[in-house]
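Only the coordinates and a few stated rules stand behind these numbers; no lab work does. Remember, predicted model here, so these are calculated numbers, not experimental data. Neighbour counts run over all protein chains shown; Cβ positions are idealised from the backbone, glycine included.
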Amino acid sequence: MAELGMVLDDLQVASSEAMRLPEKKRQIRPKGYTLPLELSKVPDFDELRLAIGRVTGEHETKSKKGGNRTKRLRLRIRWIGASGMSADSIATMLAHWDPSEEPTGDPKELSERVERARIRRRTKKAAPPKGQEKVPKTTATTERYIRDPEVIAWVLEEAAGNCESCGSPAPFRRADGEGFLEVHHVRPLGEGGPDIIENATACCPNCHRRLHHDPAKNTLRRKLIASINRLKDFQAKT
Ligand SMILES: [Zn+2]
Ligand SMILES: [Zn+2]
């Protein structure tokens, strides 16, 4: 309900005894919460449930034995998405509501879902995900660039085991003893950059990822071009 943006407008005790009281007297207010309550802003639902339990137990319709914490409650919920939906279809939707993100084979979709899942993990406690024992494959065709191995080989030989961006030696050696570096296109192929040595550089994995993901990647890119004679600044083609 919180994820759908529902708002708790009113909370009432609805036991058969309480239903004989006027509406005002049935209303209860959990301590520490103000109604209307945006459920998405509730940090801890166990705590809210306990607060509701406490105030329900203190309600004046308590049985002879004392506070009854299991009274029937009526919740009045406001939800903008309800327009055009029947009460039944809302009930069905809530019963089947699964807030976890589905696995996907689409890398862009995957990173969007990771972001949403991280926000959800930050905002509420949940058991660790079960993950997938059997990992399905997709046969979807993806477009790949056909790259020239001569360009990759030339750039790696030129770098001779040192990152062309930070100057450090490759962080580890491959099984064949070669220092591990990656070849990056200074103007990415996806932006129309050419697959030629003037647009290719050998970097350590950290620098490579930074060149793709650092918010200052354009500055890093310009520094790299300025520091290596071979590199030229190719414009992006859209
Ligand atoms: Zn580096
Ligand atoms: Zn790259």
Taking the residues in the stretch 10-29 that are of a type in the set (Gly, Ala, Ser) and outside any helix (DSSP H, G or I) as candidates, determine which candidate is farthest from TRP79 (Cα to Cα).
SER16
Being touching a residue at least 40 places away in the same chain (Cβ under 8 Å) and away from ligand 1 (no atom under 16 Å from the Cβ) is the filter here; which residues of the stretch 174-189 pass it?
ARG187, LEU189
For the subset of the stretch 199-211 comprising residues that are closer than 16 Å to GLU157 by Cβ and more than 8 Å from ligand 1 (Cβ to nearest atom), which member is surrounded by the most Cβ atoms within 10 Å (Cβ to Cβ)?
THR201
Being touching a Ser or Thr at 6+ places or on another chain (Cβ under 9 Å) and within 16 Å of ligand 1 (Cβ to nearest atom) narrows it down to one of ALA159, ALA126, ALA117, ALA170, so name that one.
ALA159
Answer yes or no as to whether ILE152 is aliphatic (A, V, I, L, M), farther than 22 Å from ARG222 by Cβ, away from ligand 1 (no atom under 14 Å from the Cβ) and touching a strand residue (DSSP E or B) at 6+ places or on another chain (Cβ under 7 Å).
yes
Those residues of the stretch 180-231 that are small (Gly, Ala, Ser), near ligand 2 (Cβ under 10 Å from one of its atoms) and in a helix (DSSP H, G or I) come to a total of 1
